[in-house]
Structure formats: structure tokens, C-alpha cells
Amino acid sequence: MTILLEESTHSPENFLYSTPNLNDKSPLFFPELLLVEERLKQTIDKAQGMIRQSCSQLLTSGGKRLRPLLTLQSGMCFGPLNTATIQASVAAELIHMASLIHDDVIDHSDLRRGLPTINSQQDNLAAVLTGDYLFAEAFHILSSHQLLASMNYLVEAIQAMCTGEVDQANRQFDLSVSENDYFERISRKTGILLASSCRSGAATASASNEDIDRLGNFGMHLGYAYQIIDDLLDFTGDPQQTGKPVAADLINGHITLPIIYLLKHPLYGPWAGEFLQDKPTPEKIPKIMQALISSEALDEAFSTALTCVETALSYLEEISACPSKTVLTQLAAKVLYRNS
């Protein structure tokens, strides 16, 4: 079956949403993040040699600090900032950093945030050991400060993230991946760490179990939206801002929500299924891009992300009004309208 891909009034730029991205809120806007940043630096400065160099590179390469920010603001919904919340925030970011390093090894990635990855500069062994060091430091912080609830939440997240990675690896280039399969995978790969960060922060402020669950559900659905936007940016993002080539995930065999919606389309789906039977190559990407636009699969994916954010916000309704609740609400909008 052959489909003529028509010119569309849409363009990929329509999906580079114009409101500021998460990086617009610097640590200076959130003074409490300065405390986290200082403790991250102290942790990495304790390392030696290659591990210290590699960790320092990742720490200074940027990053949205979303996980520690969620931890901090979740805790501050229930009381003033305390040392336990700060330490839990540091642990959450160290775990996130470790997972990024290991992801780069699994995906054979050469770039992270536009800079060479540790595995490409050193080797896979150096990268894995660096990630392991960060995991160990995270749990040292949690155990030495007796943050057992935070440890339980973050251990659960790591276990789920590993399962998600295995599932993704097992289903590379699998065009039968369903929307339910996709959400199950991203709940493990992305949602669980955001949810655990929120739960951890709330627990350090002695929130009730009901409120901890509310914050956890907020984080999970925020994670869904975050990953969907990430998958949209794989097709629509500026490589200078995303730090990776257009459609890199598809070329690596990851079937994400925009492609799932394209494959379900009554007109374009059969064509796309046939076109993607062979492994996608850079030469195929322009036609796939046009199909994603013409079929409105990109619009549909963004609409789903919007629904996820609305669901996330519904879990905050029972949380008492306070500045940190306002920040969490604003972060949800930032997740939707980011460009990197």
C-alpha cells in the first residue's frame, strides 16, 4: 500500500511550545535548591580520580533538577524546610544522575545534553562504575540520616526503573506495542522516580499516609506527561536544545506514543506499519515526520500529555493551599510547555 504524504498546514515547529521550559527557573529562583546543589557538589568532591571527573562533568552539564525540586516542594507543602527533606532531595538527584549514566551505556549514546557521554569519553566500565558510585552515595545519605521511608520509596523506584529498561530492550522495533504497554513502561522508566520523589519529600515532613499517596499520584501522572513530551521532542525538538538527533529514539527501536497513534490511524497506520517493518534509518525520518504531522498523531500525543497533567493536578486538590502547592502546579505546566 502506498500513501502520498500530503503537505500539511502543521509543522514540527508548532510543537515547540512557546512558554518557558523547566530550565527557566534557576536555583537562584528557588533558594532551597542552592542547598541541594552544594550538597551534590560535596558528595562528588569526595570521589577520586576518574569517578570524580565523570560525576563533576554530569553535575555541571545542566539538568532541570526536577526530582529534588519535587522532593523539596512536596515536603514544604506540610511544613518548613528541614534537613531531612534536603538530604532526601540530594539522594533523589543522585539516583537520577546514576540512571542517566547507565541509560547511556544501554543505549550506546554518545551525547547527553549536547555533551559527550561518560561511556563515549571513557568506556562502558567507567560509566557503570560511576553510576554505581552515585547509587551508593544516595543510599549512604539515606541510611546515615535514617530516612527509611525515603529509602523504601527510592528503592522501589530503582527496581521499577530496571524492569522498565529490560522491557524496553526486549521490545525494540516491536510495532505491536500498545498504548497500555507504553504507559506501563513509562510508569517504570519515568513516572516512578517522580512519584517516589514526591512521596519521599512528603514523608520527611511527617505528612499523613493519605497526603503521601496524593503527592505520589501527582508525581506519577506528572511523569507520564514528562515522558510523553520527551517522546514528542524526539521528533519535534531542536537538536541543539535536546542534545540528540531528530528521531533518535525511533532509530534505536523505541516505539513511543506518537508512533503508536500513527500506527492506529485508519489511513496512515497500514502504510506506517509496512514502512517501519525494516529498521528505521535516518533516510526514512522525513516521511515518518510528515505522516506524524498529517495524521495528527503529534496533536493526539500532546492531548494525552495534557490529560495526564490535569489528572496530576486533581490529586493536589485536597492539599491545603500554600506557596509550595502553587509551585507544584506551575511545574506541571512547565512540563507540558518545555523545549528540551
### Task
Could you work out the local net charge near residue 217, counting Lys and Arg as +1, Asp and Glu as -1, over the other residues with Cβ closer than 12 Å to its Cβ?
-3
### Query
What nm value, rounded to one decimal, do you get for the distance between residue 251 and residue 152 when each label is placed 7 Å out toward the C-beta?
4.5 nm
## Note on the structure
Pseudo-spin-label distance residue 279 to residue 326, built 7 Å along Cα→Cβ, given in nm, is 5.2 nm
### Query
In percent, how large is the relative contact order of the chain, given Cα pairs closer than 8 Å and 6 or more residues apart?
25 percent
### Query
Residue by residue, what Karplus-based ³J(HN,Hα) values in Hz, rounded to whole numbers, does the stretch 166-182 have, using 6.51, -1.76 and 1.60 with θ = phi - 60° and x for Gly and Pro?
5, 4, 5, 5, 6, 10, 4, 6, 8, 6, 8, 4, 8, 4, 5, 4, 4
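Take the cross-link list 244/279; 189/287; 244/287; 284/334 and give me the ones stretching past 25 Å between alpha-carbons.
Beyond 25 Å: 189/287; 284/334.
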### Query
Tilt of helix 124-144 relative to the longest C-alpha principal axis of the chain, in degrees (0 to 90, nearest 10)?
40 degrees
#### Entry: Those aspartates and glutamates that a straight Cα-Cα span of less than 18 Å connects to residue 264, excepting residues fewer than 8 apart in one chain
174, 179, 181, 231, 274, 296, 299, 300
### Summary
Taking Cα atoms only, Rg over Rh for the stretch 81-150 with Rh from the Kirkwood formula is 1.09
### Query
Using helices alone, what [θ] at 222 nm do you get for the chain, with -39,500 (n - 2.57) per DSSP H run of 4 or more residues, divided over all residues and rounded to the nearest 500?
-21000 deg cm²/dmol
### Query
Between residue 143 and residue 313, what is the label-to-label distance in nm when each label sits 7 Å out along the Cα-to-Cβ direction?
4.3 nm
### Summary
For residue 112, the residues 5 or more places away or on another chain with a placed amide H closer than 5 Å to its own amide H are 117
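Every read-out reported here was derived from the displayed coordinates using simple, explicitly stated rules and does not represent laboratory data. Predicted, not measured: the structure shown is a model, and the values here were computed from it. Every residue, glycine as well, gets a Cβ built from its backbone with ideal geometry; the counts of neighbours run over all protein chains shown.
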